[in-house]
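Here's the structure, in structure tokens; my notes come after.
The values are calculated or read from the model by the stated rules, or taken from the named source; none is laboratory data. This is a predicted model, so every value here is computed, not measured. Don't worry about glycine lacking a Cβ; one is built from the backbone with ideal geometry, like all the others, and counts go over all protein chains shown.
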Amino acid sequence: MSLKDRVTEDMKAAMRAGERERLSTIRLILAAIKQREVDERIMLDDAQAIAVLEKMVKQRRESITQFASGGRADLVAKETAELAIVQSYLPAQLSEGEVAALIDEAMRSTGAASIKDMGKVMGVVKSKAQGRTDMGALSARIKERLGGR
């Protein structure tokens, strides 16, 4: 079952169960996926749908930070609940050790030795870690490993 089908089935289940908050968030997910499909005139595969979900996660995290600094605990709680639901559709996150192993493997396979090789390493690691780790943090770790503090 594709990710989009799973989200659609979960929407139906949330409707039957009367879970308003969950239903609202699932509808947001489906709307974001459909919007990208319409904009690009394609049917999204799971990898592309995961990219949409990652964008939603990033937006929610930024909103939580903004609302917390503004003292809006009610909106922080709402965004946190939405974040948990969106994250439930993402693949299992990689551990620190798994990320380090991916970086080591990519450095060996590309022969990376300096910060100039950052793009090569990031390209290899990104394909394997997409949707399973925070790409900003991954980039920082690669940069640190290559000596570009």
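The residues on offer are Arg16, Arg20, Arg41, and the sole one that is loosely packed, with under 11 Cβ neighbours inside 10 Å and at positive phi is Arg41. Determine if segment 75-86 includes at least one residue that is aliphatic (A, V, I, L, M) and without any contact (Cβ under 8 Å) to a residue 12 or more places away in the chain. Yes, segment 75-86 has at least one match. Among the residues of segment 25-38, which ones are surrounded by fewer than 17 Cβ atoms within 10 Å (Cβ to Cβ) and in contact (Cβ under 8 Å) with a residue 40 or more places away in the chain? Answer for segment 25-38, where residues must be surrounded by fewer than 17 Cβ atoms within 10 Å (Cβ to Cβ) and in contact (Cβ under 8 Å) with a residue 40 or more places away in the chain: just Leu28. The condition of being loosely packed, with under 11 Cβ neighbours inside 10 Å and assigned to a helix (DSSP H, G or I) holds for only one of Gly123, Gly97, that being Gly97.
Of the listed requirements (1) part of a helix (DSSP H, G or I); (2) of a type in the set (A, V, I, L, M, F, W, C); (3) closer than 28 Å to Lys4 by Cα, Ala106 misses just one: (3). Checking Ser2, Ser63, Ser24, Ser69 one by one, the residue that is closer than 19 Å to Gly131 by Cα and either in contact with a strand residue (DSSP E or B) (Cβ under 6 Å, 6 or more places away or on another chain) or hydroxyl-bearing (Ser, Thr, Tyr) (or both) is Ser2 and no other. For segment 44-60, filtering for residues that are surrounded by 16 or more Cβ atoms within 10 Å (Cβ to Cβ) and either over 15 Å from the mean Cα position of the chain (by Cα) or more than 20 Å from Asp134 (Cβ to Cβ) (or both) leaves 1. Of the residues Ala106, Ala92, the single one that is closer than 17 Å to Gln130 by Cβ, surrounded by 13 or more Cβ atoms within 10 Å (Cβ to Cβ) and touching a residue at least 12 places away in the same chain (Cβ under 8 Å) is Ala106. Of everything listed in (1) surrounded by fewer than 16 Cβ atoms within 10 Å (Cβ to Cβ); (2) in contact with a helix residue (DSSP H, G or I) (Cβ under 6 Å, 6 or more places away or on another chain), the single unmet condition for Glu82 is (1).
Checking Val76 against (1) assigned to a loop (DSSP other than H, G, I, E, B); (2) touching a Phe, Trp or Tyr at 6+ places or on another chain (Cβ under 7 Å): exactly one of these is not met. Which one? Only one criterion is unmet by Val76, namely (1). The single condition from (1) not aliphatic (A, V, I, L, M); (2) not assigned by TED's automatic domain parsing to the domain that holds Ser24; (3) not in a loop (DSSP other than H, G, I, E, B) that Gln66 fails is (2).
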